[in-house]
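*Asks:* Here you go, one structure.
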Amino acid sequence: MFRLIVLTLLLAFAMPCEWSSSAIASAASAAEPLRVVVTLPVLKDWVQQIGGSYVHVTSLMTGYESEHTYSPKPSDLVAVRKAALLFEVGAGLEVWVSSLVKNAGNGSLRVVTTSKDIELIRDHPQSAGTLHSHEHAAGNPHVWLDPAAAATMVRHISEAMVAADPPHAIDYRTNTAAYLQALARVQDESLALLRSLPNRAVIVHHPAWPYFARRYDLHIAGTIQTQPGGEPSARHLHTLIETIKRDHVRVIISEVQLNQKVPQLLARETGARIAVLTTLPGGLPGTETYLDMLRYNVLQLAQALEQT
Ligand SMILES: [Zn+2]
């Protein structure tokens, strides 16, 4: 019986030889998803929101690393070799991308900088007099924490996906429009929640929050880590404690990806509260998507500021 089935199948494929091979090829290409690589999980979420089942997306970073100290793995090279599109934030954040792309030698790859057209905020000198030498000459790269900037990034991603995969253009555009509406709703809700609070002064963990602070009208009174990965000096800690007391700062934004010791020390010394937030979706439970992360960060911060 089994042999009969095998024989029948063989004959079925062998007979109309040219027809069957081309039919198989086109069926395979229709089912083959658009292969996309992104640097940060926030970009992965947006590609999935827009592309659904038509895309296969790989994020090089997971959300548990600091976005500044990442170094690519061998599997990253493999992913870039197979991809049609690579999305990065840009603005000097992913300094390791250009050599990764060069080593991958993928001639058909298109690299898209999603922070294009967003006006970058220049980092300012710290009050202690030390320069904020956060890695970037172009400006601060943490644009995605402002939902309005996020909308611009989503549009860039959508346009590149439409160009790379025209048969699914209608789906991509429909999904993009729906997502941008949801994003605008969350932005309005979160603005209403944060902007009404009387004391909106905070200390931040590393200089990731200027775009978020501008959108939500927060006052960043000080920064713990002025260099990525570097711990603050005793002098800088002293200055921060003085600032917290003088400016009546009641909340410290600590980031889950960074060392919690210094925020805890500052909280102990001054009685300020800690709000543990994440700059990347997936960094904390309940922050798997960008919208979840935005809601989570705003709610945690609002609750901490409210108690002051
Ligand atoms: Zn950063």
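*Asks:* Would a scan of the range 93-104 turn up a residue that is aliphatic (A, V, I, L, M), farther than 30 Å from T174 by Cα, in contact (Cβ under 8 Å) with a residue 24 or more places away in the chain and touching a strand residue (DSSP E or B) at 6+ places or on another chain (Cβ under 8 Å)?
*Replies:* For the range 93-104, residues aliphatic (A, V, I, L, M), farther than 30 Å from T174 by Cα, in contact (Cβ under 8 Å) with a residue 24 or more places away in the chain and touching a strand residue (DSSP E or B) at 6+ places or on another chain (Cβ under 8 Å): present.
*Asks:* State yes or no: is L197 of a type outside the set (S, T, Y) and part of a helix (DSSP H, G or I)? Before you say what the answer is, go through the steps one by one.
*Replies:* On the way: of a type outside the set (S, T, Y): yes; part of a helix (DSSP H, G or I): no.
Answer is no for this residue.
*Asks:* Return yes when T226 is among the polar types (S, T, N, Q) and either buried (at least 22 other Cβ atoms within 10 Å of the Cβ) or closer than 28 Å to L60 by Cβ (or both) and no when it is not. Spell out how you get there, then give the answer.
*Replies:* On the way: among the polar types (S, T, N, Q): yes; either buried (at least 22 other Cβ atoms within 10 Å of the Cβ) or closer than 28 Å to L60 by Cβ (or both): yes.
So T226 fits the description; yes.
For every residue, the table says whether it meets (1) closer than 29 Å to E88 by Cβ; (2) without any contact (Cβ under 8 Å) to a residue 60 or more places away in the chain; (3) within 16 Å of the ligand (Cβ to nearest atom); (4) more than 18 Å from the chain's Cα centre (by Cα).
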| position | (1), (2), (3), (4) |
| --- | --- |
| A164 | yes, no, no, yes |
| A169 | yes, yes, no, yes |
| R173 | yes, yes, no, yes |
| S196 | no, yes, no, yes |
| W209 | yes, no, yes, no |
| A213 | yes, yes, yes, no |
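*Asks:* Take the residues in the range 48-92 that are within 16 Å of the ligand (Cβ to nearest atom) and among the acidic types (D, E), then tell me which one is farthest from D171 (Cα to Cα).
*Replies:* Just the residues of the range 48-92 that are within 16 Å of the ligand (Cβ to nearest atom), to begin with: 60-71, 88-92.
In the following step, the residues that additionally are among the acidic types (D, E) were identified as 65, 67, 88.
On the way: E65: 33, E67: 31, E88: 23 Å.
Residue satisfying both the conditions and the ranking: E65.
*Asks:* One residue is enough: does the range 158-176 have a residue meeting the conditions assigned to a helix (DSSP H, G or I), of a type outside the set (A, V, I, L, M) and within 30 Å of K245 (Cα to Cα)?
*Replies:* Step one: list which residues in the range 158-176 are assigned to a helix (DSSP H, G or I), which gives 158-164, 166-176.
Of the ones still in play, those that are also of a type outside the set (A, V, I, L, M) are 158-159, 166-168, 171-176.
Of the ones still in play, those that are also within 30 Å of K245 (Cα to Cα) are none.
No, every residue in the range 158-176 fails to be assigned to a helix (DSSP H, G or I), of a type outside the set (A, V, I, L, M) and within 30 Å of K245 (Cα to Cα).
*Asks:* Quick one: which residue in I252, I241, I224 is away from the ligand (no atom under 16 Å from the Cβ) and touching a residue at least 40 places away in the same chain (Cβ under 8 Å)? Working first, answer last.
*Replies:* Details: I241 fails: touching a residue at least 40 places away in the same chain (Cβ under 8 Å); I224 fails: away from the ligand (no atom under 16 Å from the Cβ).
Within the list I252, I241, I224, the selection yields I252.
*Asks:* Taking the criterion of being assigned to a helix (DSSP H, G or I), in contact with a His (Cβ under 9 Å, 6 or more places away or on another chain) and within 12 Å of I203 (Cα to Cα), would at least one residue in the range 256-275 satisfy it? Show your work before the answer.
*Replies:* Initially, the range 256-275 is screened for residues assigned to a helix (DSSP H, G or I), giving 261-270.
Then drop every residue that is not in contact with a His (Cβ under 9 Å, 6 or more places away or on another chain), which leaves 262-263.
Those left that are additionally within 12 Å of I203 (Cα to Cα): 262-263.
Yes: one or more hits.
Computed from the coordinates by the stated procedures, all read-outs in this text should not be read as laboratory data. Owing to the predicted nature of the structure, the values given are computational and were not obtained by experimental measurement. Don't worry about glycine lacking a Cβ; one is built from the backbone with ideal geometry, like all the others, and counts go over all protein chains shown.
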